[in-house]
Amino acid sequence: MPYVSESERTRLIEVRRRIHAHPELAYEEQATARLVSERLRELGLSPQGGVAETGVVAELKGQGGAGPTILLRADLDALPVHELNEVPYRSQRAGLMHACGHDGHVSALLVAAERLVAQPSFAGTVRFCFQPAEEGRGGAKRMIEEGVLEGVERVFGLHLWNELPTGSVACTAGPMLAAVDRFRIVVLGEGGHAALPQRVRDPIVAASQVVQALQTLASRWTDPLDPLVVTVGRFAAGTNWNVVPPHAELEGTCRSFSRATYEALPAKLEQVARDSAAAHGCEVEVHYDRTTPPVINDPAAALLGRRVVQRLAGEAAALSEGPGTRAMIGEDFAEFLELRPGAFFLVGSRNEARGLTHPHHSDRFDFDEDALPLAARLLEELAREALTPVG
Ligand code: NI
């Protein structure tokens with residue numbers, strides 16, 4: 001199914017490849033932002049650049065009468081990954097790569113804008129939001145601080161997704177991507193001679209118990225139907241083989257899904273760490289930081305997307321459960337959803353036949369460009385559906 005015209009399809013791929021070849025990190029997306037602004041100006045819009053440093057915002061008023069404002073968002077940034085793909089549009093910057101598909105999000109939103117400009121029959125306003133720094137650097141939050149949500153009633157966004165085949169779209173109601181938290185636990189004991197355990201309070205043994213005990217948060221504390229991941233990614237202690245050190249340090253991440261678990265997690269983690277270290281005579285200092293909240297889709301907005309996908313791609317294309325429709329990764333679109341109802345969609349972009357199966361953030365990641373037309377149409381039709389003229 002073509003979804004878009006031949007020339008729109010060409011632009012989808014050309015723009016994506018241009019951005020892919022010139023990746024830029026968080027808050028450094030100047031060339032990408034310039035490309036976006038130029039294209040929006042060509043469409044007759046008046047983009048505002050420099051929002052949250054490198055973000056771009058533009059508005060289009062429909063000709064179908066007065067109505068609400070909705071926001072469509074794409075993210076601009078690449079990752080510090082060195083690309084190993086041998087493709088003509090391969091990254092020209094060593095050590096930097098669009099390894100998550102944000103290049104495709106930008107080109108899809110630009111073609112959605114093009115199509116909405118061509119036929120502005122909707123009632124209300126579409127705000128196009130090109131956001132910097134999605135990859136853990138707080139771009140969404142900064143855009144919100146600079147007013148991008150003012151006057152906005154609903155928000156929509158999408159992510160290309162190699163965990164689903166091209167042609168399918170996850171339209172999940174409720175929690176769909178996880179909250180991302182970080183923690184650092186310092187276990188304080190008392191050092192001494194490795195051969196005199198009776199004279200020390202060993203922080204390595206205590207910290208080992210803390211690591212084990214933290215695993216029971218997911219197995220013995222939460223509802224098994226409420227996903228939770230607790231991973232310790234760094235365990236540092238000691239300087240020498242025959243010395244018990246005075247302290248040990250653990251760092252890791254929690255990924256939670258439901259609002260209740262997200263809220264209760266910091267205090268519970270601290271209690272488990274403190275009590276298991278205390279059993280070995282050690283104390284803990286716990287530093288717990290939020291990165292992004294969970295992505296929780298408004299059921300009505302998810303349903304709206306579901307209808308759009310079914311109309312565009314057929315009944316079977318819209319998935320609401322099963323593998324690939326939820327994940328424990330984070331997305332800072334969650335910040336928008338904390339403040340406005342809306343929905344985020346995962347647009348399938350895996351193509352086994354073409355070998356496009358590598359996971360996001362891999363140095364061999366690439367997505368199926370045949371997913372772009374549906375992504376662009378989904379954004380366009382979400383706007384049209386959300387801004388249907390009455391009567
Ligand atoms: Ni991403």
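The values are calculated or read from the model by the stated rules, or taken from the named source; none is laboratory data. Remember, predicted model here, so these are calculated numbers, not experimental data. Positions of Cβ are backbone-derived with ideal geometry, glycine not excepted, and every protein chain shown enters the neighbour counts. Surface accessibility is based on the protein's heavy atoms, side chains included, excluding ligands, DNA and RNA. Shrake-Rupley method; radii C 1.70, N 1.55, O 1.52, S 1.80 Å.
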The residue from Arg142, Arg137 that alone is modelled with pLDDT under 95, over 25 Å from Leu356 (Cα atoms), within 23 Å of the chain's Cα centre (by Cα) and surrounded by fewer than 24 Cβ atoms within 10 Å (Cβ to Cβ) is Arg137
Based on this model, can you work out whether Glu380 counts as in contact (Cβ under 8 Å) with a residue 24 or more places away in the chain, in a helix (DSSP H, G or I), surrounded by fewer than 22 Cβ atoms within 10 Å (Cβ to Cβ) and not hydroxyl-bearing (Ser, Thr, Tyr)?
no
Note to self: Given the criteria closer than 19 Å to Asp370 by Cα and more than 16 Å from the ligand (Cβ to nearest atom), does Arg142 qualify?
What the structure shows: no
Screening Ala207, Ala213 for residues that are closer than 15 Å to Asp275 by Cα and either aromatic (Phe, Trp, Tyr) or out of contact with any strand residue (DSSP E or B) (no Cβ under 9 Å at 6 or more places or on another chain) (or both) leaves only Ala213
So, first residue closer than 16 Å to Asp226 by Cβ in region 256-277, second residue small (Gly, Ala, Ser), Cβ within less than 8 Å, six or more apart or across chains; the pairs are Ser256/Ala178; Ser256/Ala179; Phe257/Ala178; Phe257/Ala179; Tyr262/Ala179; Tyr262/Ser256; Leu265/Ser256
Checked against (1) in contact with a His (Cβ under 9 Å, 6 or more places away or on another chain); (2) small (Gly, Ala, Ser); (3) open to solvent by less than 10 Å² (accessible area, probe 1.4 Å), Gly95 satisfies every condition except (3)
Considering region 76-96, residues that are within 16 Å of the ligand (Cβ to nearest atom) and in contact with a Lys or Arg (Cβ under 9 Å, 6 or more places away or on another chain), and then whichever is nearest to Asp363 (Cα to Cα), we arrive at Glu83
Residue hits (region 145-165; open to solvent by 30 Å² or more (accessible area, probe 1.4 Å) and within 16 Å of the ligand (Cβ to nearest atom)) are Glu163
Of (1) open to solvent by 10 Å² or more (accessible area, probe 1.4 Å); (2) within 30 Å of Leu304 (Cα to Cα); (3) in contact with a strand residue (DSSP E or B) (Cβ under 7 Å, 6 or more places away or on another chain), Met176 satisfies every one except (1)
Q.
Would you confirm, using the coordinates I've provided, whether Ala376 is closer than 13 Å to Ala170 by Cα and either of a type in the set (D, E, K, R) or more than 16 Å from the ligand (Cβ to nearest atom) (or both)?
A. no
Those residues of region 117-134 which are open to solvent by less than 30 Å² (accessible area, probe 1.4 Å) and either within 27 Å of Asp366 (Cα to Cα) or among the small types (Gly, Ala, Ser) (or both) amount to Ala123, Gly124, Phe128, Cys129, Phe130, Gln131, Pro132, Ala133, Glu134
Pairs returned, first residue in region 307-329 that is on the phi < 0 side of the Ramachandran plot, second residue that is within 16 Å of the ligand (Cβ to nearest atom) and among the basic types (Lys, Arg), beta-carbon separation under 9 angstrom, 6 or more apart or interchain, are Met328/Arg255; Ile329/Arg255
Looking across region 357-369 at residues that are in contact with a strand residue (DSSP E or B) (Cβ under 6 Å, 6 or more places away or on another chain) and away from the ligand (no atom under 15 Å from the Cβ), the single one that is most open to solvent (accessible area, probe 1.4 Å) is Thr357
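Is at least one residue of region 335-348 farther than 30 Å from Pro120 by Cα and either within 16 Å of the ligand (Cβ to nearest atom) or among the aliphatic types (A, V, I, L, M) (or both)?
No.
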